[in-house]
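Computed from the coordinates by the stated procedures, all read-outs in this text should not be read as laboratory data. All values derive from a computational prediction rather than experimental measurement. No Cβ is skipped: glycine too gets one built from the backbone with ideal geometry, and neighbour counts run over all protein chains shown.
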Amino acid sequence: MAIEEVFPNPTVKQVIFQIVFPNLFYMEKIIGEFQLQITDQFPDSSLLHRRQFAWADVGPDAKFIELESKLDKEPTGQNIWQFKSPKNFQLNVMNSSLDITSTYHKTYSLEGAEKFRDIIELVLCKFLKVVPLQIINRIGLRYIDECPIPSKNNSVFRRYYDSIFPLDRFELSSASEMDFKTVVKRGKYYLRYVESLKKVGENYKLILDFDGFALKINPKDCLTVTDNLHKLISIEYEKTIKEPVKKYMRKQKV
């Protein structure tokens, strides 16, 4: 069952929406028109220039890392048009992708707080008017949660989480780190699920990393697909956490 409650103190720390599309060589000519469409929401803009790079999965510690291309000793580089909101979410546009990252939103679509879905819908509507894509190669929705571990022992941990960790074999109290990752297909969609035991500051946390994605999508179906990815992720999150975590999230931040 999907989460149907807006929590004042959610465990989610970062949510990322991304579309990947065929490389558009004329992006530089039309990005100004798109910028005018979104200035109200994203008034802070900048142009970044990066060397050619490859995306590499580095787990929950970071979204991406850059790796110098081994195929070209003198990379040509690419532009990243970056737009920021006063509410601390960021939009990046490149020749073949668009992504929105938020550390601000507490809900995707539930009433009671500002919705991340509204920002996705606004950006997609403006972007697709300027860039009439015929196909979207990939849509991704990713949530990274930083979850409490009140006491680093098996009995407490099991009260809080229905975890994949092999706790019958490896005692949590003796572990400095634990990691689990799987990529599974759920109907038409895919889910990359990661659990990691990590020390954050002075305390250990359970990092949950959900990355739902779909391939080869008609642009008119983009928001519907994103809604379905959110539901898929929300159901898996609900399966992982238990009532003590919900009680933690219902408490106001001090």
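When the chain is fully extended, how far beyond the present Cα-Cα distance does Asn88 get from Ser45, taking 0.36 nm per residue of separation? Could you put the intermediate results ahead of the total?
On the way: separation 43, 0.36 × 43 = 15.48 nm, distance 1.30 nm.
Between Asn88 and Ser45, full extension yields 14.2 nm more.
Along the charge dipole of the chain, Cβ charges K/R +1 and D/E -1, which of Ile135, Leu215, Val6 sits furthest on the positive end?
Selected residue: Val6.
Please rank Leu167, Leu47, Leu197, fewest neighbouring Cβ atoms within 10 Å first, as an exposure proxy.
Working: Leu167 16, Leu47 10, Leu197 20.
With the sparsest Cβ surroundings first, the list reads Leu47, Leu167, Leu197.
Once phi is turned into ³J(HN,Hα) by the Karplus curve 6.51 cos²θ - 1.76 cosθ + 1.60 with θ = phi - 60°, what whole-Hz value does each residue of the range 140-152 show in order, with x for glycine and proline?
Each residue's phi maps through the Karplus curve to give x, 10, 10, 10, 10, 10, 10, 10, x, 10, x, 9, 7 Hz.
I'd like the distance between the alpha-carbon centres of the range 207-233 and the range 27-41, rounded to an integer number of Å.
Spelled out, the Cα-based centre of one part sits 25 Å from the other.
Please compare each pair in Lys106/Lys253; Lys181/Lys220; Lys84/Lys199; Lys126/Lys188 to a cut-off of 21 Å on the Cα-Cα distance and tell me which ones are over it. The partial results should precede the final answer.
Numbers: Lys106/Lys253 13 Å; Lys181/Lys220 32 Å; Lys84/Lys199 30 Å; Lys126/Lys188 27 Å.
Result: Lys181/Lys220; Lys84/Lys199; Lys126/Lys188 exceed 21 Å.
If you wrap a convex hull around the C-alpha atoms of the chain and split its volume per residue, what is the figure in Å³?
Dividing the Cα hull volume of the chain by its residues yields 157 Å³.
How would Phe170, Phe165, Phe116, Phe25 line up from fewest to most surrounding beta-carbon atoms within 10 angstrom?
On the way: Phe170 12, Phe165 20, Phe116 24, Phe25 7.
Final ranking by Cβ density, sparse to dense: Phe25, Phe170, Phe165, Phe116.
Under a Cβ-Cβ cut-off of 13 Å, what is the net charge of the residues other than Ser109 that fall near it, where Lys and Arg count +1 and Asp and Glu count -1?
Values: positive: Lys106, Lys115, Arg117, Lys231; negative: Glu4, Glu5, Glu111, Glu114, Asp118, Glu121, Asp227.
Within the 13 Å Cβ shell, the charges total -3.
Output the Kirkwood hydrodynamic radius of the range 138-242, Cα pairs only, in Å rounded to one decimal.
Details: mean 1/r = 0.0671 Å⁻¹.
Radius from the Kirkwood sum: 14.9 Å.
Which GluC sites (Glu not before Pro) in the range 126-180 sit in a loop by DSSP (not H, G, I, E or B) and have at most 12 other Cβ atoms within 10 Å of their own Cβ? Please list the in-between numbers first.
Working: sites: Glu146, Glu171, Glu177; in loops: Glu171, Glu177.
Loop-located and lightly packed - Glu171, Glu177.
Take His105, His49 and order them by how many other Cβ atoms sit within 10 Å, fewest up front. Write down the numbers at each step before the final one.
Details: His105 19, His49 8.
The most exposed by this proxy come first: His49, His105.
Quickly estimate the mean residue ellipticity at 222 nm for the chain, helices only: each DSSP H run with n ≥ 4 gives -39500 (n - 2.57), and the total goes over all residues, rounded to 500. Provide the component values of the computation, followed by the final result.
Working: 5 runs with 61 residues, N = 254.
Theoretical 222 nm ellipticity from helices: -7500 deg cm²/dmol.
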